[in-house]
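Novice: Structure provided below as structure tokens; questions to follow.
The values are calculated or read from the model by the stated rules, or taken from the named source; none is laboratory data. Just so it is clear, the model here is predicted, and its values are computed rather than measured. Note: ideal-geometry Cβ built from the backbone for every residue, glycine included; neighbour counts use all protein chains shown. SASA here: full protein model, heavy atoms, side chains in, ligands and nucleic acids out. Shrake-Rupley method; radii C 1.70, N 1.55, O 1.52, S 1.80 Å.
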Amino acid sequence: MPLVLINHFPLRHDLAVLPAIPRFKIWCGTTRTEDWHLRFGARVVISGHLHIRRSAWRDGVLFEEVSLGYPKQWRPERGLAAYLKPILPPG
């Protein structure tokens with residue numbers, strides 16, 4: 001089975017790039033966690049702390065920021081399906 005690592009905070013410092021809100025960076029990733037995706041053989045690493053949905057690849061591993069955002073950003077008219085996505089990439 002593919003391994004999925006899930007953590008509230010991003011495990012890598014370089015994935016916490018928010019120029020308008022630099023204070024988030026101090027809570028994201030350390031030298032001890034930046035290689036966990038390789039060390040533990042993860043296929044995907046999931047976090048949600050940044051509140052900005054995005055996908056990034058590092059060393060062939062998919063990193064997903066899956067936050068739903070803040071309540072004021074929710075758009076109920078879009079429906080639940082707009083906020084869901086497959087986590088494991090094909091293959």
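Novice: If the elastic network links every pair of Cα atoms under 10 Å, which of V17, V66, V44 fluctuates the most in the Gaussian network model of the chain?
Specialist: Ranking V17, V66, V44 by mean-square fluctuation puts V17 first.
Novice: What's the carbon and sulfur percent of the chain's accessible surface, probe 1.4 angstrom, rounded to a whole number?
Specialist: 64 percent
Novice: Provide the per residue accessible area, probe 1.4 Å, for the chain, rounded to a whole number of square angstrom.
Specialist: Numbers: 6280 Å² over 91 residues.
Ligands and nucleic acids excluded, the figure is 69 Å² per residue.
Novice: Let me ask something else. Please check the chain for the longest run free of chymotrypsin sites (Phe, Trp or Tyr not before Pro) that are loop-located per DSSP (anything but H, G, I, E, B) and have at most 14 other Cβ atoms within 10 Å. If you can, show how the numbers build up before the last one.
Specialist: Values: sites that count: F40, W74.
In short, 1-39.
Novice: Which of the three applies to the chain, rounded, prolate or oblate, going by the alpha-carbon gyration tensor with a ≥ b ≥ c and a/c under 1.5 meaning rounded?
Specialist: In terms of gyration-tensor shape, oblate.
Novice: Of V61, L11, P76, which is farthest on the positive side of the dipole of the chain, counting Cα position, with +1 on Lys and Arg Cβ, -1 on Asp and Glu Cβ, and the Cα centre as origin?
Specialist: My answer, from the dipole projection, is P76.
Novice: Just in region 32-85: which trypsin sites (Lys or Arg not before Pro) are loop by DSSP and have at most 13 other Cβ atoms within 10 Å?
Specialist: Those that pass, being in a loop and sparsely packed, are R32.
Novice: Nothing charged except the Cβ atoms of Lys and Arg (+1) and of Asp and Glu (-1): what's the magnitude of the dipole of region 27-91 about its Cα centre? Round to the nearest 20 debye.
Specialist: On the way: 10 positive and 6 negative charges, 38 e Å.
It works out to roughly 180 debye.
Novice: Given 0.36 nm per residue, what is the gain on full extension from I52 to L88 after removing their alpha carbon distance, in nm? Intermediate values should be presented prior to the final figure.
Specialist: On the way: separation 36, 0.36 × 36 = 12.96 nm, distance 1.93 nm.
Difference between extended and current length: 11.0 nm.
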